[in-house]
Structures are given as structure tokens and as C-alpha cells.
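Working notes for the structure below.
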Amino acid sequence: MGVTCLIPVELPEGKSGQQALAVEKLQKRAELMGAQKIGNWCVNCETYQAVTTFSTASKLIHLVHSTEFPYSSFAVLETGTCLVADSGFDSLMTKLKTFYTPRKTSKIEAKGHRYEYGDFVLKFGQVSAGPSFKGIVVELEYLPCLDVQQCWGLISEFLSSFMDPSFTLPTAPKCSNKTTELFCPSDTILQYIEVFNTYRKSAGGPSLSQ
């Protein structure tokens, strides 16, 4: 993996029913510049809430899975700490039901098609919670580099040329590993938690941080 930037795409006001067309437009743009479709991708999240009768270190645990890391589970705490475990961690959460219980209507996911273009990987997807559409995301990954500062200029240039003219360039993603300051899978997962939380708030539902 390399450095990843996750971007929520704003739909024009009153156009929320045309999300499929918006994704197709982005995919067609990628195909016209020569990107090759190489499969599908999915990132899903389920939130567990602490049982009130117990005093726990974290009131919420977000359990995240990504098709990019099929053998890993990511547990994100309220503090922003992301713990990486093997896929067997899911069964552990069921054994901790005395302390943590799945939060109602907490499941949310992003999924769509995956493209490759040179050293870049592009992913376009729709975010949904159950049957409800929440928004659209674009994930851009630059594979050859793990140092955000060294490659952010190149990533920014690519985004500016690919996205719509109204696109506002985001700030560079943060690295959770302060020792090496190199990008890691947890940093991608934390971006998804932030975007999922934003879509929940904008829809008027409970956020992942509440």
C-alpha cells in the first residue's frame, strides 16, 4: 500500500437521487484517461457501545473491515486509536457482549469499483447505512511512497486535474505513527471513520462519536 486520500463528493442540491449517475461520471472520466477497472472494493463499519453497568476505557468501539486488508480487523476507539488485529477479532467481540453490544442502526459501508492508473489506485463508491444512501466517496492511493510530505504535491496535482473544477483540495492526511511518520493502513481506516461520521451527522442520525 501507499499514501491514501479519501474524499467525500458533494452532490448538487436536490440531486441526491442521482448518485449512481454521479459515480458513473467519475468512472467514465477515469476510463477516458486510461485507467483500468480491476475489481470491486468495500469498507464496512459496525459500532459497539459499552454496556452502562460497566466502567470501560472506551464507550464506543468501531469494528472496521476493508477488502484491501482481508485478513485484518480494525478496532477504532473514541480517542482515535486504531488497533489492528487478525480477522478472528470479530469472534472476540461476540464474547464481550457482557461489556459491549452492537449499536442499533450503526452499520455503514462504502463500496464500488476499483481502478488502476499507473502508480495510482482509484476507488469510486457509494456510502450507505442499511437501505439508505448517504453519499459518494473517492479514494486515491499513490502506491510507491509512504511519506505523505514527499508525495502530497503529486497527489494534489492529480486530484486537481481529475476532480470537478469546484473541487476543494483537502489537507494532507495525518500519520498516526509518530515514530516513523510513515503512512500505514490504520491511517486509511481513520479517514473512513471521519467520513462515515460526517455523513451520519449530515443526515441527522447518531454520529459514530456519540
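The values are calculated or read from the model by the stated rules, or taken from the named source; none is laboratory data. Model, not experiment: these values are computed from the prediction. Cβ: placed from backbone, ideal geometry, glycine included. Neighbour counts: every protein chain shown. Side chains included, ligands, DNA and RNA excluded: accessible areas come from the protein's heavy atoms. Shrake-Rupley method; radii C 1.70, N 1.55, O 1.52, S 1.80 Å.
What does the net charge come to around Gly125 if you take all other residues with beta carbon closer than 10 Å to its beta carbon, with K and R at +1 and D and E at -1?
Numbers: positive: Lys111, Arg114, Lys123; negative: Glu109, Glu139.
Result for the neighbourhood of Gly125: +1.
How much FRET efficiency would the formula 1/(1 + (r/R0)^6) give for Glu31 and Val84, where r is the Cβ-Cβ distance and R0 is 35 Å, rounded to 0.05?
Approximately 0.55, to the nearest 0.05.
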Evaluate the Debye formula for the stretch 3-201 with equal point scatterers sitting on the alpha carbons, no solvent, and hand back log10 of I(q)/I(0) at q = 0.17, 0.19 Å⁻¹, in q order, two decimals. -1.21, -1.44
If you count only protein heavy atoms and use a 1.4 Å probe, how large is the accessible surface of Glu116, to the nearest 10 Å²? 80
Top of Ser91, Ser166, Ser176 by mean-square fluctuation, Gaussian network on the chain, Cα under 10 Å: Ser166
Long-range amide H partners of Tyr100 with built H, under 5 Å: Val51
Expected max-MSF residue from Asn44, Asn177, Asn197 in the GNM of the chain (alpha carbon, under 10 Å) is Asn177
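Grab the other residues whose beta carbon is less than 10 angstrom from that of Lys134, score K and R as +1, D and E as -1, and report the net.
Details: positive: Arg200; negative: Glu109.
My count for the surroundings of Lys134 gives 0.
When the chain is fully extended, how far beyond the present Cα-Cα distance does Ser160 get from Leu182, taking 0.36 nm per residue of separation?
Value of the extension gain: 5.5 nm.
Checking the table Lys134/Lys178; Lys134/Lys174; Lys97/Lys134; Lys59/Lys134; Lys97/Lys174; Lys97/Lys178 against a 31 Å threshold on Cα-Cα, which pairs fail?
Lys134/Lys178; Lys97/Lys174; Lys97/Lys178
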Once amide hydrogens are built 1.01 Å from N within the peptide plane, the residues lying 5 or more places from Val3 or on another chain with amide H under 5 Å from its amide H are Tyr142, Cys145
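Could you give the dipole magnitude of the chain about its Cα centre, charging the beta-carbon of Lys and Arg +1 and that of Asp and Glu -1, in debye to the nearest 20?
On the way: 19 positive and 20 negative charges, 172 e Å.
My answer is approximately 820 debye.
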